[in-house]
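Shown next, in structure tokens, is the structure this report addresses.
Derivation of every value follows stated rules applied to the coordinates shown; laboratory data play no part. It should be emphasised that the depicted structure is a prediction, and the values quoted were computed from it without experimental measurement. Ideal geometry is used to build each Cβ from the backbone, glycine not excepted, and the neighbour counts take in all protein chains shown.
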Amino acid sequence: MSKKYIPNSKEKYMCEKQKTYFKKRLIEWKNEIIELNSKGLYTNDVDHEISSPDIVDQAASQTEKNVEMRTLNRQMKLLSKIDKAIKKIENNTYGYCEETGEEIGLKRLIARPIATLSIEAQEKHEKNEKIFAD
């Protein structure tokens, strides 16, 4: 498969070529996240500030730690979604809406390879979330 290959609607939806493309993209994305996290763990050493006698340094350091933890938590969730998407490719359910069973669509998957809902189902989901949040 060439580096410039992009799935298109002329092909059969979720043919082997498309599944290979998405699996490769997901694995590359996963590896990128893991690499960034491992670099971050070694370069972000702010613990020395927490024991600082200056209360402002302590507060700033604690805030930075909280942001790092939230970011790490988001990335862990993202890695989990990437793993689920890879499993869906392997069991031939990738690219289909979890609610309706309809095709999610190539454009949406290229933009968001971990999408599990069609645009219509996603909009309905977000509308329901907004109703319950109000």
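Table for the structure above
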{"read-out": "Distance histogram for the chain (every C-alpha pair counted, 10 angstrom bins, percent rounded to whole numbers)", "value": "11, 29, 26, 19, 11, 4, 0"}
{"read-out": "Segment 68-116 - Rg over Rh from alpha carbon coordinates, Kirkwood radius", "value": "1.05"}
{"read-out": "Sequence-distant residues sharing a close amide H with Tyr96 (under 5 Å, placed H)", "value": "Ile104"}
{"read-out": "Least to most buried among Arg74, Arg108 (fewest other Cβ within 10 Å first)", "value": "Arg74, Arg108"}
{"read-out": "Integer Hz, Karplus 6.51/-1.76/1.60 couplings in order for segment 108-117, x for Gly and Pro", "value": "5, 5, 5, 6, 9, x, 9, 4, 10, 10"}
{"read-out": "Rounded FRET efficiency, nearest 0.05, which uses the C-beta distance separating Glu120 from Arg74 and R0 of 30 Å", "value": "0.70"}
